[in-house]
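Below is one structure, written out as structure tokens; comments come after it.
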Amino acid sequence: SQQGEEDPQALSIQEGENATMNCSYKTSINNLQWYRQNSGRGLVHLILIRSNEREKHSGRLRVTLDTSKKSSSLLITASRAADTASYFCATDPLIGNTGKLIFGQGTTLQVKP
Amino acid sequence: DVKVTQSSRYLVKRTGEKVFLECVQDMDHENMFWYRQDPGLGLRLIYFSYDVKMKEKGDIPEGYSVSREKKERFSLILESASTNQTSMYLCASSPYVVRGRVTQYFGPGTRLLVL
């Protein structure tokens, strides 16, 4: 079952602009993670935010988490053409401890030079 | 660095063939996963394994089986390939962590075409 829903499904911006992607989920979580996938490749982990955290930064990435609204956002600042990829949120459900993550459908980001 | 490798990047098979997709990880991870990825559907979990010889069905196990005889290797088997199994297959691994920060490490993917 897909818990995460990303919004928008596709995003096209100019280099230097900021990109914001949103993720909503349904059940309580231990943490929420964001992954990136370059075209035709596997996913790469970007950042993890715990359920008791509200904001986290890593380089040009900023992630926020609102557990009351069951939503998260990923902000990429000063985007570059190399940021062109698909971005997925994944939730680690609070119930159960299997190591399974539930992935959303992804946001495809295109950054135009 | 964790390395997850998959036996093939591209594979073309005929309907009815038995297909083996192999995945190997080099970080002694307990958990291993097989996903398929289709446009508009995101990643869907087929099977996962939390230990040698242990497996659990994911969301879409029909038409697939798995084998984990060694900790580092997790195989996905399509018993009789069908055209609706044409997809991108992704393998992932993760360590077992109690209530911890479990992240998954992905292989490069195998793009399978069933004719």
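The values are calculated or read from the model by the stated rules, or taken from the named source; none is laboratory data. Remember, predicted model here, so these are calculated numbers, not experimental data. A quick note on method: Cβ atoms are made from the backbone with ideal geometry, for glycine too, and the neighbour counts reach across all protein chains shown. Only protein heavy atoms, including side chains, enter the accessible area calculation; ligands, DNA and RNA are left aside. Shrake-Rupley method; radii C 1.70, N 1.55, O 1.52, S 1.80 Å.
Suppose every Lys and Arg Cβ carries +1 and every Asp and Glu Cβ carries -1, with no other charges. What dipole size does chain A come out with about its Cα centre, to the nearest 20 debye? Intermediate results must be reported in sequence, preceding the final value.
Numbers: 13 positive and 10 negative charges, 40 e Å.
Roughly 200 debye, rounded to the nearest 20.
Measuring nothing but how far apart in sequence close Cα pairs (under 8 Å, 6+ apart) lie, relative to its length, segment A:5-112 scores a relative contact order of 38 percent. Surface composition of segment B:4-96: carbon and sulfur make up 51 percent of the accessible area, probe 1.4 Å. Sequentially through segment B:39-51, phi angles give Karplus couplings (6.51, -1.76, 1.60; θ = phi - 60°) of x, x, 10, x, 9, 10, 7, 8, 8, 9, 10, 10, 5 Hz, Gly and Pro residues having no value and appearing as x.
Listed values for segment A:33-39 are Karplus-derived 3J(HN,Hα) couplings in whole Hz (6.51 cos²θ - 1.76 cosθ + 1.60, θ = phi - 60°), namely 10, 10, 10, 10, 9, 6, 3, and x replaces Gly and Pro.
In a DSSP loop and with at most 11 other Cβ atoms within 10 Å, the GluC sites (Glu not before Pro) in segment B:1-69 are B:Glu62. Rounded to the nearest Hz, the phi-derived 3J(HN,Hα) couplings of segment A:10-16 under the Karplus curve 6.51 cos²θ - 1.76 cosθ + 1.60 (θ = phi - 60°) are 9, 9, 10, 9, 8, 3, x, where x marks glycine and proline. When a/c reaches 1.5 or more, the comparison of a/b and b/c decides; with that in mind, is chain B rounded, prolate or oblate per its Cα gyration tensor? Since a/c reaches 1.5 and a/b is larger than b/c, the shape of chain B is classed as prolate.
The Cα trace of the protein assembly as shown gives Rg and Dmax of 17.5, 50 Å, the first to one decimal, the second as a whole number.
May I ask you to list the trypsin sites (Lys or Arg not before Pro) in segment B:17-97 that are in a DSSP loop and have at most 11 other Cβ atoms within 10 Å of their Cβ? Present the calculation step by step, with values, prior to reporting the outcome.
On the way: sites: B:Lys18, B:Arg36, B:Arg44, B:Lys53, B:Lys55, B:Lys57, B:Arg68, B:Lys70, B:Lys71, B:Arg73; in loops: B:Lys18, B:Lys53, B:Lys71.
In loop regions of segment B:17-97 (DSSP not H, G, I, E or B), the sparsely surrounded trypsin sites (Lys or Arg not before Pro) are B:Lys18, B:Lys53.
So what is the accessible area of segment A:5-112 per residue, in Å², with the probe set to 1.4 Å? All intermediate terms of the calculation are to be shown ahead of the outcome.
Working: 4950 Å² over 108 residues.
Heavy-atom accessible area per residue stands at 46 Å².
Answer rounded, prolate or oblate for segment A:61-104, using the Cα gyration tensor with square roots of eigenvalues a ≥ b ≥ c: rounded when a/c is under 1.5, else prolate when a/b is larger than b/c, else oblate.
Working: a/c = 3.64, a/b = 1.76, b/c = 2.07.
In terms of gyration-tensor shape, oblate.
Positive-end ranking of A:Gln105, A:Leu32, A:Ser12 along the dipole of segment A:5-112, with charges on Cβ about the Cα centre, is headed by A:Leu32. Taken across both chains, chains B and A shield about 2200 Å² of accessible surface from a 1.4 Å probe.
With +1 on each Lys and Arg Cβ and -1 on each Asp and Glu Cβ, and nothing else charged, work out how big the dipole of segment B:4-96 is about its Cα centre, in Debye to the nearest 20. Show your work: numbers first, answer last.
Numbers: 13 positive and 13 negative charges, 51 e Å.
The dipole magnitude comes to about 240 debye.
For A:Thr84, the amide hydrogen comes within under 5 Å of the amide hydrogens of A:Val111, counting only partners 5 or more places away or on other chains and with H modelled in the peptide plane.
Normalising by the residue count of chain B, find the relative contact order in percent from Cα pairs under 8 Å and 6+ residues apart. Mind showing how you got there, number by number?
Working: 303 pairs, mean separation 41.3, N = 115.
Relative contact order here is 36 percent.
For segment A:5-112, compute Rh as the Kirkwood radius over C-alpha pairs and then the Stokes-Einstein diffusion coefficient at 20 °C and 1.002 mPa s; write the answer in µm²/s, rounded to an integer. D, rounded to a whole number, is 154 µm²/s.
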